[in-house]
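Scroll down for the structure; my scribbles are underneath it.
The values are calculated or read from the model by the stated rules, or taken from the named source; none is laboratory data. Please read all numbers here as calculations on a predicted model, not as lab measurements. Cβ atoms come from the backbone with ideal geometry, glycine included; neighbour counts cover every protein chain shown.
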Ligand SMILES: Cc1cc2nc3c(=O)[nH]c(=O)nc-3n(C[C@H](O)[C@H](O)[C@H](O)COP(=O)(O)OP(=O)(O)OC[C@H]3O[C@@H](n4cnc5c(N)ncnc54)[C@H](O)[C@@H]3O)c2cc1C
């Protein structure tokens, strides 16, 4: 039987991944396939060699630490398209292709009169990766604006639609980090943007903007601008300094644990959660352990935000992990809390 050729597929070999990850870490893909449609992905699944090979799904590479070359065919998701699916009395349903840039998608929804994603402006990466860790910022999480998504199964090639209950969203978490990790590719995401639009302004830095500006009822585009300004002031631009945003999740502890820490460190930055547990600011824990601005090898802790680890130039993934491990040890030594990394380590 003739072996189907890969001619119809966008297959590349020996691809340098340094520019495909926001940390700028060295890695190489022995095989990379660009996926711009369900049909293209099905051709990979049905291919006698590519179909059997392990796969690694790559979006914008802004939440990945490469410590080695992926031992897998890299599927670079490039599915495009933005459209209003439905205008309901209580919501706009908007669909975006998984390969669309997240920030551009947020800007597109606002420009077309569908507000609701403005607090999530300027988060790097692609639309398809947003549900994977249920991205969140400035008081809004993706799951609060989520309607459904379409995946293609990497074994059967079948398309399936998942609603929110099937995605098991949690804090920087979803089924795509557990039961469905590496098993399917998210191809399109649909958002449910509630009408009438209500601003979300509870976050401290947004409250400050509200006070300082004297504006009492900001429009969604104003909140978008404020979020961009705040983020540009405190987070490094990956185009200039390699990084993956927050390197650790904010730990969630019991009220007893929190009281114990407050007893020793009254300044600890903490937020009570609706279920009674307490979220601690990981950046604060790292900062008081003296890490801000420090480096190990060519990996460092960002001067303006201790939660962000940066590539000071030519760092390897191993150097980043060595620094992360040293930070985990010192935070554990002082607070008894084990910080959990947020990015995916390859
Ligand atoms: C400066 C900076 C600031 C950041 N700020 C925030 C923030 O405020 N809030 C926040 O939540 N995150 C933040 N992040 C993290 C990152 O932007 C998000 O996690 C983003 O969603 C990652 O998108 P990506 O396309 O780059 O994913 P990638 O890094 O390419 O992939 C991340 C994971 O998702 C999987 N994946 C990617 N695409 C798909 C797909 N289509 N189908 C299935 N699996 C897929 C990958 O296999 C991998 O496991 C920040 C990062 C940086 C660099």
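Only one of the numbered conditions (1) without any contact (Cβ under 8 Å) to a residue 12 or more places away in the chain; (2) more than 8 Å from the ligand (Cβ to nearest atom) is not met by residue 181, and that is (2). When residues in segment 123-164 are screened for being near the ligand (Cβ under 10 Å from one of its atoms) and part of a loop (DSSP other than H, G, I, E, B), 14 of them pass.
Of the listed requirements (1) out of contact with any strand residue (DSSP E or B) (no Cβ under 7 Å at 6 or more places or on another chain); (2) modelled with pLDDT of 90 or more, residue 344 misses just one: (1). Based on this model, can you work out whether residue 186 counts as within 16 Å of the ligand (Cβ to nearest atom) and at negative phi? Taking the combined requirement at face value, the residue satisfies it.
Restricting attention to segment 56-75, the residues that are within 6 Å of the ligand (Cβ to nearest atom), in a loop (DSSP other than H, G, I, E, B) and in contact with a helix residue (DSSP H, G or I) (Cβ under 7 Å, 6 or more places away or on another chain) add up to 1.
Applying the selection to segment 165-176, what residues are in a helix (DSSP H, G or I) and either near the ligand (Cβ under 8 Å from one of its atoms) or touching a helix residue (DSSP H, G or I) at 6+ places or on another chain (Cβ under 8 Å) (or both)?
Our first condition is that a residue be in a helix (DSSP H, G or I); within segment 165-176, this holds for 165-167, 175-176.
Listed by number, the residues that qualify are 166, 167, 175, 176.
Considering only helices (runs of 4 or more DSSP H) fully contained in segment 178-291, which possess at least 1 residues that are touching a strand residue (DSSP E or B) at 6+ places or on another chain (Cβ under 9 Å) and under 30 Å from residue 94 (Cβ atoms)? Hits in segment 178-291: 220-234. Residue 31 versus (1) within 13 Å of the ligand (Cβ to nearest atom); (2) closer than 30 Å to residue 320 by Cα: which is the lone unmet condition? Condition not satisfied by residue 31: (1). For segment 204-216, does any single residue satisfy the condition of being under 27 Å from residue 62 (Cα atoms) and away from the ligand (no atom under 16 Å from the Cβ)? No, the conditions are met nowhere in segment 204-216. For segment 31-53, a residue qualifies if it is touching a residue at least 24 places away in the same chain (Cβ under 8 Å) and part of a loop (DSSP other than H, G, I, E, B), and the qualifying residues are 36, 37, 47, 48, 49, 50.
Scanning segment 217-242 for residues that are within 16 Å of the ligand (Cβ to nearest atom) and closer than 19 Å to residue 109 by Cβ gives 223, 224, 226, 227, 228, 231. Checking the structure you have, find out if any residue of segment 36-52 is under 30 Å from residue 325 (Cα atoms), surrounded by fewer than 14 Cβ atoms within 10 Å (Cβ to Cβ) and more than 10 Å from the ligand (Cβ to nearest atom). Within segment 36-52, not a single residue is under 30 Å from residue 325 (Cα atoms), surrounded by fewer than 14 Cβ atoms within 10 Å (Cβ to Cβ) and more than 10 Å from the ligand (Cβ to nearest atom).
Residues that are in contact (Cβ under 8 Å) with a residue 24 or more places away in the chain and assigned to a loop (DSSP other than H, G, I, E, B) were ranked within segment 82-113; the one that is surrounded by the most Cβ atoms within 10 Å (Cβ to Cβ) is 98. Restricted to segment 297-336, and to residues there that are buried (at least 18 other Cβ atoms within 10 Å of the Cβ) and at pLDDT below 95, the residue that is nearest to the ligand (Cβ to nearest atom) is 305. Figure legend. Inter-residue proximity from segment 120-137: first residues farther than 15 Å from residue 108 by Cβ and modelled with pLDDT of 95 or more, second residues within 6 Å of the ligand (Cβ to nearest atom) and in a helix (DSSP H, G or I), beta-carbon distance below 9 Å, spacing 6+ or different chains. Indicated pairs: 129/176; 131/176; 132/176.
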